[in-house]
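Quick notes on the structure that follows.
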Amino acid sequence: MTQPTIETRSFQAQTKKLLDLMIHSIYSQKDVFLRELISNASDAIDKVRFEALTNPELATDGKIKLIADNAARKLTITDNGIGMTYEEVIEHIGTIAKSGSEAYAEKLKELGKNASAPDLIGQFGVGFYSAFIVADEVTLETCKAGEADGVRWHSRGDGEYTITRIPARPHGTSVTLHLRALAAPEEEALPDTDDDFSDPWTLRKTVKKYSDFIAYPIVLDVEKHEVERDADGKVVEGGKTETKIIEETINSQKALWTRTPSEVTTEEHNEFYKHLTHDWHAPMQTLHFHVEGTQEFTALLYVPEKAPMDLYAREQKRGLQLYIKRVFIGADVKELIPEYFRFMRGLVDSSDLPLNVSREVVQQDAVVARIKKTVTTKLINFFKDLLAKDRPAYETFWDEYGQAIKEAFHYDPAVKDKIADLLLVKTTKGDAWSTLAEVVERMKEGQTALYYLTGEKFDVLREAPQLEVFAKKDVEVILLGEAVDEIVVGTLEKYRETELKSAARGELEGLPESVEDKVKQEEHAGKYEKLLGKLKTLLADDLADVRLTTRLTDSAACLVADEGGMSAQMERMLAAMGQAMPDQKRILELNPDHAVVDAMCQLAEKTGTDDRLKDFGEMLVDQALIAEGSPLKHPARFAKRVTDTMARAAMGA
């Protein structure tokens with residue numbers, strides 16, 4: 001090997017800012033750095049064990065060792081994991097690709113420099129840099145399995161780092177922390193900030209708190225004093241005492257998911273979840289089960305407390321970790337869970353898959369498909385039980401993930417009836433969530449369908465003119481304010497035996513109707529025949545039809561789609577996606593009891609055609625578009641007509 005060259009580099013700009021935050025900001029729990037470094041070591045061992053499936057020379061018993069040097073104020077964390085190359089050290093340690101350090105900085109700024117801030121490390125993926133919370137100097141030495149050279153990285157957290165190639169060493173990584181001096185006794189310190197991380201007792205306590213579940217032994221060198229004994233094992237009085245250094249395993253190592261679910265405490269689940277996901281918050285819900293029979297596997301699944309910001313991004317990583325007989329195979333295995341449950345975190349450990357399974361095999365394997373089907377059924381039943389037994393908890397869950405679950409109607413129509421039982425909806429009866437079953441129970445006598453209205457905002461939906469007759473008859477209408485709802489109602493069509501019908505599409509059917517209503521409709525049909533005929537001709541370029549309606553009580557007009565036509569919400573959604581589509585002609589419905597419609601009827605009865613009739617008709621169309629939240633085709637023309645009409649009214653015309 002040639003003489004090593006030490007290269008000095010500057011940190012990425014964001015990394016500099018992050019290091020400054022780590023060094024100068026105050027945290028309520030500084031010991032979290034050890035959890036992060038041990039988790040990194042565990043991940044590295046997982047990777048080398050996976051590589052050993054195809055390269056037996058790499059086979060090893062994973063181990064993480066803590067070396068405490070109290071006199072020198074040093075702590076070293078070593079592992080025999082996969083290690084890193086020179087280039088990988090620069091990529092993963094010298095930069096922060098998408099760690100969110102800008103958001104991290106803003107969060108700390110909000111909390112205030114002197115506030116007792118909660119730990120934010122897990123939220124922003126900056127685990128390695130947490131070392132600078134307790135250290136003023138960090139040295140990393142690593143060697144990638146199979147590489148001829150090792151790498152040494154060193155930084156004082158001052159904006160620069162050095163990196164050099166070193167002679168090969170056994171594969172793995174060691175991180176040495178040069179610990180800061182302890183606070184003076186007279187200085188006031190926050191809880192946990194005065195812990196001495198070069199002290200074995202502190203290390204034991206911290207490992208037990210955060211990393212007891214790590215599947216690999218975490219060992220610590222301890223002194224053991226052995227006294228001289230005779231042949232019977234009795235202590236020899238005045239005998240010699242020998243001091244030995246031995247490795248003591250300070251974590252239980254037992255994989256949490258292999259234990260009986262009832263034996264695992266909430267605290268253990270919380271810490272395992274944080275290790276698994278690097279999330280600071282405890283999980284919202286936990287599902288732990290074992291399946292035996294034609295297939296055998298264990299699943300440990302968690303619902304995060306908050307939906308990730310990229311939940312609806314295409315490039316979001318999704319899926320569960322896959323283990324085979326406790327051997328880590330891969331992360332983000334999306335074939336284990338359906339797309340609409342992609343927010344779940346956790347793992348599946350199978351006994352039926354071969355250890356040399358590849359990503360391509362996973363995608364097509366029948367065992368994996370059966371695991372996915374079972375996991376899906378378990379989750380649906382779990383959330384159904386949560387809805388029945390703890391409604392507030394389920395509503396909290398639905399607020400975060402309801403929109404994602406609705407995607408099941410697109411991705412997996414076969415389970416639509418089961419997912420329908422999980423739906424929570426808003427209705428015209430108030431702001432509280434309701435299930436579809438509860439809405440069916442509240443149906444009025446004579447009502448034969450469940451009515452719904454789709455749109456973009458609940459406050460706009462509640463004031464939609466299409467709902468006026470429902471309010472008059474005290475009929476509840478489901479309000480659907482998310483884009484995915486169009487897919488839901490288009491796929492579901494009916495809930496159990498009750499049809500779902502749009503309040504803004506087709507003729508109104510299935511509502512309670514009195515004899516007086518029917519007589520009134522017949523009278524209006526004759527009175528407004530001429531008006532309807534003229535408006536159909538004048539507005540033929542924009543409308544499919546003009547007709548009277550029983551849908552309105554206060555508004556003069558509204559627009560509806562034909563029975564098989566596209567809703568206004570679907571039109572807006574497709575337009576926002578840049579989808580080209582043919583012009584959709586809708587139906588203008590008029591309220592025969594409204595003064596404006598009656599005045600237009602009188603204009604239509606006059607000999608010839610009054611020029612104002614077309615203007616009034618187009619204004620009604622524009623008003624209907626505004627009321628439903630749709631854009632106007634000609635807003636300037638509408639504004640001019642309004643001001644002209646106001647002027648004529650002011651002059652008594």
Out of (1) modelled with pLDDT under 75; (2) surrounded by fewer than 19 Cβ atoms within 10 Å (Cβ to Cβ); (3) among the polar types (S, T, N, Q), the one S567 does not meet is (2)
D212, sole failed condition from (1) over 36 Å from the mean Cα position of the chain (by Cα); (2) not in a strand (DSSP E or B)
(1)
Test set (1) within 23 Å of K418 (Cβ to Cβ); (2) surrounded by 13 or more Cβ atoms within 10 Å (Cβ to Cβ) - L531 fails condition number
(1)
Please determine whether any residue of segment 435-448 is under 24 Å from the mean Cα position of the chain (by Cα) and not polar (S, T, N, Q).
no
Residue ranges of helices (runs of 4 or more DSSP H) in segment 324-406 with at least 1 members surrounded by fewer than 15 Cβ atoms within 10 Å (Cβ to Cβ), outside the structural domain of S434 (by TED's automatic domain parsing) and under 17 Å from the mean Cα position of the chain (by Cα)
391-405
All but one of (1) over 21 Å from H410 (Cβ atoms); (2) without any contact (Cβ under 8 Å) to a residue 60 or more places away in the chain; (3) small (G, A, S) hold for G481; state the number of the condition that does not hold.
(1)
Cβ-Cβ distance below 8 Å, separation of 6 or more or different chains: which pairs start in segment 230-250 with a residue that is more than 30 Å from K63 (Cα to Cα) and in contact (Cβ under 8 Å) with a residue 12 or more places away in the chain and end on one that is basic (K, R) and assigned to a strand (DSSP E or B)?
G239/R229
Any residue that is surrounded by 15 or more Cβ atoms within 10 Å (Cβ to Cβ), in a strand (DSSP E or B), touching a residue at least 24 places away in the same chain (Cβ under 8 Å) and polar (S, T, N, Q) - is there at least one of those in segment 444-451?
no
Residues within segment 230-252 that are surrounded by 10 or more Cβ atoms within 10 Å (Cβ to Cβ), farther than 30 Å from K205 by Cβ and either modelled with pLDDT under 75 or among the small types (G, A, S) (or both), tallied:
1
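Which one of R169, R180, R152, R156 is among the charged types (D, E, K, R) and at pLDDT 90 or above?
Numbers: R169 fails: at pLDDT 90 or above; R180 fails: at pLDDT 90 or above; R156 fails: at pLDDT 90 or above.
Being among the charged types (D, E, K, R) and at pLDDT 90 or above holds for just one of R169, R180, R152, R156, which is R152.
Of everything in segment 440-473 that's among the β-branched types (V, I, T) and touching a strand residue (DSSP E or B) at 6+ places or on another chain (Cβ under 6 Å), which residue is nearest to D421 (Cα to Cα)? I'd like the intermediate steps shown before the answer.
Step one: list which residues in segment 440-473 are among the β-branched types (V, I, T), which gives 440, 448, 454, 460, 469.
Subset that is touching a strand residue (DSSP E or B) at 6+ places or on another chain (Cβ under 6 Å): 440, 454.
Details: V440: 12, T454: 19 Å.
Among those that are among the β-branched types (V, I, T) and touching a strand residue (DSSP E or B) at 6+ places or on another chain (Cβ under 6 Å), it is V440.
So, H275, is that one within 29 Å of L353 (Cα to Cα), surrounded by fewer than 18 Cβ atoms within 10 Å (Cβ to Cβ) and out of contact with any His (no Cβ under 9 Å at 6 or more places or on another chain) or not?
Working: within 29 Å of L353 (Cα to Cα): yes; surrounded by fewer than 18 Cβ atoms within 10 Å (Cβ to Cβ): no; out of contact with any His (no Cβ under 9 Å at 6 or more places or on another chain): yes.
Spelling it out, it is not the case that H275 is within 29 Å of L353 (Cα to Cα), surrounded by fewer than 18 Cβ atoms within 10 Å (Cβ to Cβ) and out of contact with any His (no Cβ under 9 Å at 6 or more places or on another chain).
The values are calculated or read from the model by the stated rules, or taken from the named source; none is laboratory data. All values derive from a computational prediction rather than experimental measurement. We place every Cβ from the backbone using ideal geometry, glycine too, and count neighbours over all the protein chains shown.
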